[in-house]
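The values are calculated or read from the model by the stated rules, or taken from the named source; none is laboratory data. Keep in mind that this is a model prediction, so the values were computed, not measured. Cβ atoms come from the backbone with ideal geometry, glycine included; neighbour counts cover every protein chain shown.
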Amino acid sequence: MRLPFFNHTPTFDHGIHPVYHKETGHLPIRRFPFAPKLYVSLEQHIGKPAIAIVRVGQEVLRGELIAKPDGLFSLPIHAPATGIIEALEPMPSDNGEMEMCIVIRVYEADTQEVQVRYPHDLENMSGRELALVMQEVGVAGKGGATFPTHAKLIPPNGCTIDTIIVNGAECEPFLTCDHRIMVERAQDIMEGIKYARRVCGAPRAIIGVEDNKMDAVAALEAALPADGSVTVKVVETKYPQGAAETLITALLGREVPAGKRSSSIGVVMNNVMTLAYMGRLLPLGEGMTERIVTIAGPSVERPGNYIVPLGTPLRFLLEHVGARSTATEVILGGPMMGTTIPSVDVPITKGVCGVLAFGKKDAIPPQIYPCIHCGECVNACPKKLNPTQMGLLAAKREYDVMAEQFMLGECFECGCCSYVCPSHIPLVQQFRVAKYFLKNREKVT
Amino acid sequence: MSKHRIELRAAPHQHSGHSVPTIMRNVVYSMLPICGFSVWQYGLSALALLLTVTATCLATERLLNRNANTLGDWSAAITGILLGLTLPPAFPLWMAIVAGFVAIAIGKAMFGGLGHNPFNPALVGRAFVQAAFPVAITTWVPAFSANRFSEFVPTTFTAPLMMPPDIVGWVKQQGVDAFTGATPLARWKFENVTASAHDLLTGTVTASAGETSALLILLCGAYLAIRKFMDWRIPVAVLGSAALTAWAFQLYNPAHYPDPLFVLLSGGLMIGTIYMATDMATSPVTPVGVWIYGGIIGVMTVIIRYFGGLTEGVMYAILLGNALTPLIDQYTQPRVYGTGKEKS
């Protein structure tokens, strides 16, 4: 509860305080070895899949372009390791569908140095040209949404961007990769902010960090540029502080109008890791070949933050960190919004910020009770929706009423309602189903 | 990794740990001190009454839910204990059984069980016996009678379907001074005598089994509120609005209307506010709604007490609030983020 007349750490209304389990936050980032075979998906971003430009049997070098973007809302893919293209075949993915992958058989004892670069002269470029060079790097939003970063930074027609918000909240329990990158690569983040500001034309940038990561705040403040255009702001540790709407409200006091992008109120938001990679790779002319992933969970023996080559299959990853036999659930992403995977053959993609292995006793399937109208979910929803009513409607499959009267479309599936529900009703899952139904109804009928 | 199954589950994969049985169990725990005080005050009759009503409620719940064992959610136990606490300590047991059965069968199971009932089940049971047995439900016995742990009040074991015996003679034998056989509210209404706040707080007055000590009930409520098993806003709204209304009446005519403290502490207002108005299933869920709901209950309690034919108005005020809950919820939908008036 927020009392008036007190000086509060900036935050948003509602939300929850889960157990954070940020034990890996003090472990330095370590490098991961190459798996014998890498499965590089062509659908690592939102938008059209990349188009493979290699053939089976071809030799590729680490960093070489192996798939080109299909239009502006698409991203290229670079070879994460030197080796031979063994196949182009569909592999399981985290959303349950098969996705086309380029399979690379990695040369043994290969160096982790990037062999192929595509440098440009960045100094005299216009913002638009810089955006196209950014596309060549192939960075997708690293928070998990995998929106192509260059496309996000180009201001839509008629919008002026006045602020870049750099999201270092990392509100999901267990995940600490953003925390570590802020501590270890603060300079890269500042570089990335510099390029991002040139593309979108924003005069200032604000880095929002939760108050449980004060060492990251110190590292960022030490790296701030002298002109004062970038500031670091500490926000309350509360889930979902790192969602776009909540962090914008916490930092600027503005609300993103329902159904619109944050650019409509002059704000562009990027994750710290997105900008750290942009700042590191863009001047070198390198493509995205790896990313930092938090591997944690009660069933992992050596949890930590690892630089994992893209395409590394989870089977290899879990073997390497010592997944215990108690693991019954493997989650990509955080425990609040992450998805469990159907198979350990799923490869790491650009949007995977965490791999968590949970055992049975960490997630006991609870007995579901009827809704007792306690209103906990109403008091937890950061979007101030009414999950109680929507849950009752979802049980009756009144999906249209949910969308028209209760603004189902505004739900961004943070999971706060399910987290607090004493009846263990899978509210957010019901909303996902409802949204999916409404979206795909036309296709079916 | 050894070969074994991995499971698919929907996010979120973490949970607060609160569950319906945890909440309900804690409500039951919080009522035990009140039950203990009641038994200490009224002796064997109160004990028999509480046990009988609770057992009836549990048995009815089990009987009407044969396909699913719903006793594990502890909600029937709450209804039973709460109903027992709102009945006079010497209430005939066969009437208590009727009350318990009506509470669960008509108050709850008929609507579909836990969470589906529009009215608080305990109050439905009490309203039924209030209408059916108006004499028995206003027959009070003195607290702390000498023989309370060795003998039952004669009315307790009234034969089923029979009128309870007159207990005036029995009361005289108890050696209690100045027993009037009326609750503080009734004495105010008919004799214009108010009880002292001290007596009301500590519970040395005549009342239903569980509504005597306002202080004890407040403490139990504080436990629930601190453990977040109860919405603190509802009691604050009810008590606040009741006090304001009583204060306004007192300003208007200080000779006739009692002071707000008497209104807050007397009768069933405290137990009704803490345990019945806050019943999750029958109170609004919206942040604005709970204040309106609590306000209506507080105002209606005072108005029924002052102008109604009954001495006590809490029960009907809460039932009225329950009836208005869906309407309140409908008109107090929270403003969805990013719509309507913007903060910027």
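Given B:ASP231, B:ASP259, B:ASP279, which one is charged (D, E, K, R), under 24 Å from B:GLY210 (Cα atoms) and surrounded by fewer than 23 Cβ atoms within 10 Å (Cβ to Cβ)?
B:ASP259
Can you name every residue in the range B:303-339 that is within 14 Å of chain A (Cβ to nearest Cβ), surrounded by fewer than 23 Cβ atoms within 10 Å (Cβ to Cβ), outside any helix (DSSP H, G or I) and not small (Gly, Ala, Ser)?
B:THR332, B:GLN333, B:PRO334, B:ARG335, B:VAL336, B:THR339, listed by residue number.
Tell me, which residue of the range A:291-311 that is in a loop (DSSP other than H, G, I, E, B), in contact with a His (Cβ under 9 Å, 6 or more places away or on another chain) and more than 12 Å from chain B (Cβ to nearest Cβ) is surrounded by the most Cβ atoms within 10 Å (Cβ to Cβ)?
My answer is A:LEU310.
Within the range A:248-303, can you find the residues that are closer than 30 Å to A:ALA81 by Cβ, without any contact (Cβ under 8 Å) to a residue 40 or more places away in the chain and acidic (Asp, Glu)? Working first, answer last.
Going through the range A:248-303, the residues closer than 30 Å to A:ALA81 by Cβ turn out to be A:270-297, A:299-303.
Checking the rest, the ones that are also without any contact (Cβ under 8 Å) to a residue 40 or more places away in the chain come to A:301-302.
Result: A:GLU301, single match.
Against the definition (closer than 28 Å to A:THR328 by Cα and either touching a residue at least 12 places away in the same chain (Cβ under 8 Å) or polar (S, T, N, Q) (or both)), how does A:LEU427 come out, yes or no?
yes
Give B:ALA109, B:ALA55, B:ALA103 a once-over and let me know the one that is surrounded by 23 or more Cβ atoms within 10 Å (Cβ to Cβ), small (Gly, Ala, Ser) and not assigned by TED's automatic domain parsing to the domain that holds B:LYS228. Quick ask: steps written out before the conclusion?
Working: B:ALA109 fails: surrounded by 23 or more Cβ atoms within 10 Å (Cβ to Cβ); B:ALA55 fails: surrounded by 23 or more Cβ atoms within 10 Å (Cβ to Cβ).
Being surrounded by 23 or more Cβ atoms within 10 Å (Cβ to Cβ), small (Gly, Ala, Ser) and not assigned by TED's automatic domain parsing to the domain that holds B:LYS228 holds for just one of B:ALA109, B:ALA55, B:ALA103, which is B:ALA103.
Residue by residue through the range B:58-77, note down the ones that are under 18 Å from B:VAL20 (Cα atoms) and surrounded by fewer than 24 Cβ atoms within 10 Å (Cβ to Cβ).
Of the range B:58-77, the ones under 18 Å from B:VAL20 (Cα atoms) are B:58, B:61-62, B:65, B:68-77.
Within the range B:58-77, B:LEU58, B:ARG62, B:ASN65, B:ALA68, B:ASN69, B:THR70, B:LEU71, B:GLY72, B:TRP74, B:ALA77 qualify.
For every residue, the table says whether it meets (1) within 27 Å of the chain's Cα centre (by Cα); (2) within 8 Å of chain B (Cβ to nearest Cβ); (3) hydroxyl-bearing (Ser, Thr, Tyr); (4) surrounded by 23 or more Cβ atoms within 10 Å (Cβ to Cβ).
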position	(1), (2), (3), (4)
A:GLU319	yes, yes, no, no
A:GLY334	yes, no, no, yes
A:VAL346	yes, no, no, yes
A:GLY359	yes, no, no, no
A:PRO387	yes, no, no, yes
A:LEU393	no, no, no, no
A:TYR399	no, no, yes, no
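Select, from B:ALA77, B:ALA68, B:ALA103, B:ALA96, the only residue that is closer than 21 Å to B:PHE149 by Cβ and small (Gly, Ala, Ser).
Selected residue: B:ALA96, the only one of B:ALA77, B:ALA68, B:ALA103, B:ALA96 that is closer than 21 Å to B:PHE149 by Cβ and small (Gly, Ala, Ser).
Which helices (runs of 4 or more DSSP H) sit wholly inside the range A:158-269 and have at least 1 residues that are of a type outside the set (Asp, Glu) and more than 21 Å from the chain's Cα centre (by Cα)?
Because the criterion is at least 1 residues that are of a type outside the set (Asp, Glu) and more than 21 Å from the chain's Cα centre (by Cα), the helices (runs of 4 or more DSSP H) in the range A:158-269 that meet it are A:186-200, A:214-223, A:244-252.
Based on this model, can you work out whether B:VAL135 counts as under 26 Å from B:GLY309 (Cβ atoms) and under 20 Å from the mean Cα position of the chain (by Cα)?
No.
Per-residue answers, yes or no, for (1) assigned by TED's automatic domain parsing to the domain that holds A:ASP227; (2) in contact with a Ser or Thr (Cβ under 6 Å, 6 or more places away or on another chain); (3) crowded, with 24+ Cβ neighbours inside 10 Å:
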residue: A:CYS171; (1), (2), (3): yes, no, yes
residue: A:THR176; (1), (2), (3): yes, yes, yes
residue: A:ARG198; (1), (2), (3): yes, no, no
residue: A:GLY201; (1), (2), (3): yes, no, no
residue: A:ALA205; (1), (2), (3): yes, no, yes
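Only one of (1) among the aliphatic types (A, V, I, L, M); (2) within 14 Å of chain A (Cβ to nearest Cβ); (3) within 30 Å of A:ASN379 (Cα to Cα) is not met by B:LEU32, so which one is it?
In the conditions (1) among the aliphatic types (A, V, I, L, M); (2) within 14 Å of chain A (Cβ to nearest Cβ); (3) within 30 Å of A:ASN379 (Cα to Cα), B:LEU32 misses (2) alone.
Going by the structure shown, is B:VAL20 within 9 Å of chain A (Cβ to nearest Cβ) and at pLDDT 90 or above?
Yes, satisfied.
Which condition breaks for B:ILE104 when tested against (1) away from chain A (no Cβ under 14 Å); (2) closer than 30 Å to A:GLU329 by Cβ; (3) β-branched (Val, Ile, Thr)?
Failing condition for B:ILE104: (2).
Residues to consider are A:VAL330, A:VAL378; find the one that is free of Cβ contacts under 8 Å to residues at least 12 places away in the same chain, surrounded by 22 or more Cβ atoms within 10 Å (Cβ to Cβ) and facing chain B (nearest Cβ under 10 Å).
So the residue among A:VAL330, A:VAL378 that is free of Cβ contacts under 8 Å to residues at least 12 places away in the same chain, surrounded by 22 or more Cβ atoms within 10 Å (Cβ to Cβ) and facing chain B (nearest Cβ under 10 Å) is A:VAL378.
Considering only the range B:282-302, state which residues are away from every other protein chain (no Cβ under 14 Å) and either farther than 19 Å from B:LEU261 by Cβ or surrounded by fewer than 23 Cβ atoms within 10 Å (Cβ to Cβ) (or both).
If the condition is that a residue be away from every other protein chain (no Cβ under 14 Å) and either farther than 19 Å from B:LEU261 by Cβ or surrounded by fewer than 23 Cβ atoms within 10 Å (Cβ to Cβ) (or both), then B:GLY295, B:ILE296, B:VAL299, B:MET300 are the ones that fit.
Any chance the range B:272-280 includes a residue that's more than 8 Å from chain A (Cβ to nearest Cβ), among the acidic types (Asp, Glu) and under 20 Å from B:PHE249 (Cβ atoms)?
no
Do we have any residue at all in the range A:98-115 that's touching a residue at least 40 places away in the same chain (Cβ under 8 Å), under 24 Å from A:ILE189 (Cβ atoms), part of a helix (DSSP H, G or I) and of a type outside the set (Ser, Thr, Tyr)?
No, there is no match, as no residue in the range A:98-115 is touching a residue at least 40 places away in the same chain (Cβ under 8 Å), under 24 Å from A:ILE189 (Cβ atoms), part of a helix (DSSP H, G or I) and of a type outside the set (Ser, Thr, Tyr).
Within the range A:272-294, can one find any residue that is hydroxyl-bearing (Ser, Thr, Tyr), out of contact with any strand residue (DSSP E or B) (no Cβ under 6 Å at 6 or more places or on another chain) and more than 30 Å from A:GLY311 (Cβ to Cβ)? Full working, then the answer.
If we filter the range A:272-294 for residues that are hydroxyl-bearing (Ser, Thr, Tyr), which is where we start, we get A:274, A:277, A:289, A:294.
This time we only want the ones that are out of contact with any strand residue (DSSP E or B) (no Cβ under 6 Å at 6 or more places or on another chain), so: A:274, A:277.
Filter once more, keeping what is more than 30 Å from A:GLY311 (Cβ to Cβ): none.
Within the range A:272-294, none of the residues are hydroxyl-bearing (Ser, Thr, Tyr), out of contact with any strand residue (DSSP E or B) (no Cβ under 6 Å at 6 or more places or on another chain) and more than 30 Å from A:GLY311 (Cβ to Cβ).
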